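The values are calculated or read from the model by the stated rules, or taken from the named source; none is laboratory data. Because the structure is predicted, anything quoted here is derived from the model rather than measured. A quick note on method: Cβ atoms are made from the backbone with ideal geometry, for glycine too, and the neighbour counts reach across all protein chains shown. Remember, those area values only see protein heavy atoms, side chains included, never the ligands or the DNA or RNA. Shrake-Rupley method; radii C 1.70, N 1.55, O 1.52, S 1.80 Å.
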Amino acid sequence: LSASNLINILRQVSMFGIVVIGVTMVMIGGGMDLSVGGQMAVVGMVVGFLLVKLNLPIPVTALVGILTGIAFGTVNGIVAIKLKIMPIIVTLSTMLILQGVAYLITGGYPITGMPKPFLMLGQGYIGPIPIPVIIFVLFILFGWIVMNKTYLGRMIYALGGNKEAARLAGINVDKLTVMVYAFAGFAASIAALIMVARTNASQPGAGSSYPFDCMTAACLGGISIAGGEGKISGAVIGVIIIGVLDNGLVLMGVNSNFQSVVKGIILLLAVAIDCYEAKNKKKA
C-alpha cells in the first residue's frame with residue numbers, strides 16, 4: 001500500500017477502465033459488446049501500420065484509428081438492429097472476425113518502433129500523474145455527466161429498462177442503440193492508442209481478455225446484465241477492484257492461468273447475484 005503502487009494500479013487499469021465506461025453505457029442500454037478486444041487489436045495494428053510502415057503524421061494516424069473504432073461500433077449496432085440478432089451474438093461474431101483481421105494485417109507479426117512523440121500518450125506524465133490516468137478520469141467525468149445529468153442518459157436507461165416503452169415514449173431506439181455502440185467503439189479506439197503508445201508495439205493479440213474482463217468489472221460495479229440499471233461510479237469501482245486483484249495476485253507471484261480462474265469465478269458470482277436480485281424485484 002504505497003503511493004507509487006497506487007499510481008501504478010491506476011495506470012494499469014486506465015486503458016481497461018476507458019473501455020469499461022463504453023461497455024457500461026452499452027449494458028445500461030440493454031446491449032452487450034464482446035467485440036471491444038478485437039476492435040482494440042485491429043485499431044492498434046492499423047495505427048502501427050500507418051505510423052511505422054507508411055510514416056503518416058501522428059494526428060492523421062490517431063484520427064484514422066479513432067474513426068475505425070467508431071465505425072466498428074456503429075456496424076455492431078446496425079447489424080443488431082437490421083438483422084434483429086441478439087447483441088451478444090452479433091458482437092461475439094465480430095470479435096472473432098476482428099481477431100482474425102488483426103492477425104491478417106501483418107501476418108501475425110507485431111509492429112514496433114513507434115515515433116517517440118507518440119509514445120508520450122502512453123508513457124508520459126503531466127506533473128506526477130500519468131497521461132493515461134488523466135484520460136481515464138476524463139472518460140469517467142464524461143460518462144457520469146451524460147448518464148446522470150442529461151436527457152441522453154435518461155433515454156439510455158429507458159432503452160435498457162423497456163425498449164418498447166421507450167419507443168412508445170418517442171425515443172428513436174434504433175438511433176440510440178447505434179450511438180451507444182459507436183461510443184463503445186470510440187472508447188476501445190482510445191484505449192488501443194494508449195496501449196500501442198505504452199508498449200511501443202502493435203500486437204495482434206492485444207485486448208484478447210478485455211471482453212469478459214469488462215463484463216466482470218461492470219457486473220461487480222452493479223451494472224445489470226439485463227440493462228436499465230447501474231451507475232458509472234459503480235463501474236469505476238468494479239474496474240478498481242479488478243485492478244487491485246490483478247496487482248495483488250502478481251505481487252503474490254500467483255500463476256497467470258490461476259488469475260483467469262479467479263476472474264471467471266468472480267464473473268459467475270457477480271452475474272448470479274444480479275440474477276438473484278432481479279428475481280427478488282419481480283416477486284416484490
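Taking only DSSP H segments of four or more residues, each worth -39500 (n - 2.57), what value at 222 nm results for the chain once the sum is divided by all its residues, to the nearest 500 deg cm²/dmol? So the helix-based figure for the chain works out to -25500 deg cm²/dmol. With a Förster radius of 41 Å applied to the C-beta separation of Lys175 and Asn55, the computed FRET efficiency comes to 0.60. From the Kirkwood radius over Cα pairs of segment 88-177, Stokes-Einstein at 25 °C and 0.890 mPa s returns a whole-number translational diffusion coefficient of 142 µm²/s. Between the beta carbons of Val64 and Ala165, assuming R0 = 45 Å, the FRET efficiency works out to 0.70 to the nearest 0.05. Computed across the chain, the Kirkwood hydrodynamic radius from all distinct Cα-Cα pairs reaches 19.2 Å.
In sequence order, segment 230-247 has phi-based couplings of x, 9, 4, 4, x, 4, 5, 4, x, 4, 5, 4, 4, x, 5, 4, 4, 4 Hz under the Karplus curve 6.51 cos²θ - 1.76 cosθ + 1.60, θ = phi - 60°, and Gly or Pro positions carry x. Amide H contacts of Tyr125 (H built 1.01 Å from N, in plane; Pro and chain starts excluded): Ile131 sit under 5 Å, all sequence-distant by 5 or more or on other chains.
Springs join every pair of Cα atoms under 10 Å in this Gaussian network model of the chain, and among Ala226, Ala218, Ala192 the largest mean-square fluctuation is at Ala226. For segment 171-179, backbone phi angles converted through the Karplus equation (6.51, -1.76, 1.60; θ = phi - 60°) give residue-by-residue couplings of 7, 7, 5, 5, 4, 5, 4, 4, 4 Hz, Gly and Pro being listed as x.
Accessible surface computed residue by residue for the chain, with neighbouring protein chains in place and a 1.4 Å probe, gives 48 Å² per residue. What's the local net charge at Pro87, with K and R +1, D and E -1, over the other residues with C-beta under 14 Å away? Spelling it out: positives minus negatives among the neighbours equals +1. Got a sec? Which residues in segment 207-221 would a label at Glu277 touch, if it sits 7 Å along Cα→Cβ and we count backbone N under 18 Å? Only 214-221 pass the distance filter. Backbone phi angles across segment 195-208, fed through the Karplus curve with coefficients 6.51, -1.76 and 1.60 (θ = phi - 60°), yield HN-Hα couplings of 5, 4, 5, 6, 9, 6, 7, 9, 9, x, x, 5, x, 5 Hz in residue order; Gly and Pro are listed as x.
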